[in-house]
Amino acid sequence: MIVLVGFMGAGKTTVGHLIAERLGLPFTDSDEAIEQRAGRSIPQIFAEDGEPAFRALEHQVIAELLDGPALVLALGGGAAEHPGTRDRLARAQVVYLQVGYEQAMQRVGGDAGRPLLARPDLAATYQRRLPRYAEIATLTVSTDGRHPESISEDILARLGTEPGVGGRAPYLPSPP
């Protein structure tokens, strides 16, 4: 199980797809899994139920994904703030894709599908989350000014992964 964490715009989904393809593993974006489960978009969940309800659902979906078969999983930027999610991530290879605030805003600014962009305290939210990402990371990789292919190659090299029998990397543990 490889889990990608970081602030929005870090490249978790793009890099996750590349890593999954290279290792022959499925890729899942937790935000997409949440939308499928809820039958609504994340902006709708935020608007209709509020952020606390979204975070509870997010934790539940991530816990189920972590209990499932090996995959590459990209988490939403706020997932690492949930204590239960942080505890569950202790059993996974967690890669923190580190992105500067300005770079993140260049990558995602104006995306109506990101409710967090409307928050007046967005810069403070970014700062608050950085220690959480670092705390749970097995590996930290900077993404500023880098191409996704280079980032994914860097991650694979630093984790010492080579596709194994059936496309699975040999270090990936089977779920308990």
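Since every read-out is calculated from the coordinates, none of them should be taken as a lab result. Worth saying up front: this structure is predicted, and the values here are computed from it rather than measured. In this analysis, Cβ positions are derived from the backbone assuming ideal geometry, glycine residues included, and neighbour counts consider all displayed protein chains.
Tabulated results
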read-out	value
Angle in degrees between helix 122-136 and the longest Cα principal axis of the chain, rounded to the nearest 10	30 degrees
Built amide H within the under 5 Å cut-off of residue 94, gap 5+	3, 138, 139
Estimated [θ] at 222 nm from DSSP helical runs (n ≥ 4, -39500 (n - 2.57)) normalised by residues in the chain, nearest 500	-15000 deg cm²/dmol
Residues 130, 75 arranged by fewest to most Cβ contacts within 10 Å	130, 75
Space enclosed by the convex hull of the alpha-carbon atoms of the chain, per residue, Å³	106 Å³
Relative exposure of 154, 31, 87, judged by other C-beta atoms within 10 Å (fewest first)	87, 154, 31
Cα-centre dipole for the chain with unit charges at Cβ (Lys and Arg positive, Asp and Glu negative), debye to 20	280 debye
Cβ-Cβ FRET estimate between residue 44 and residue 142, R0 fixed at 35 Å, reported to 0.05	0.55
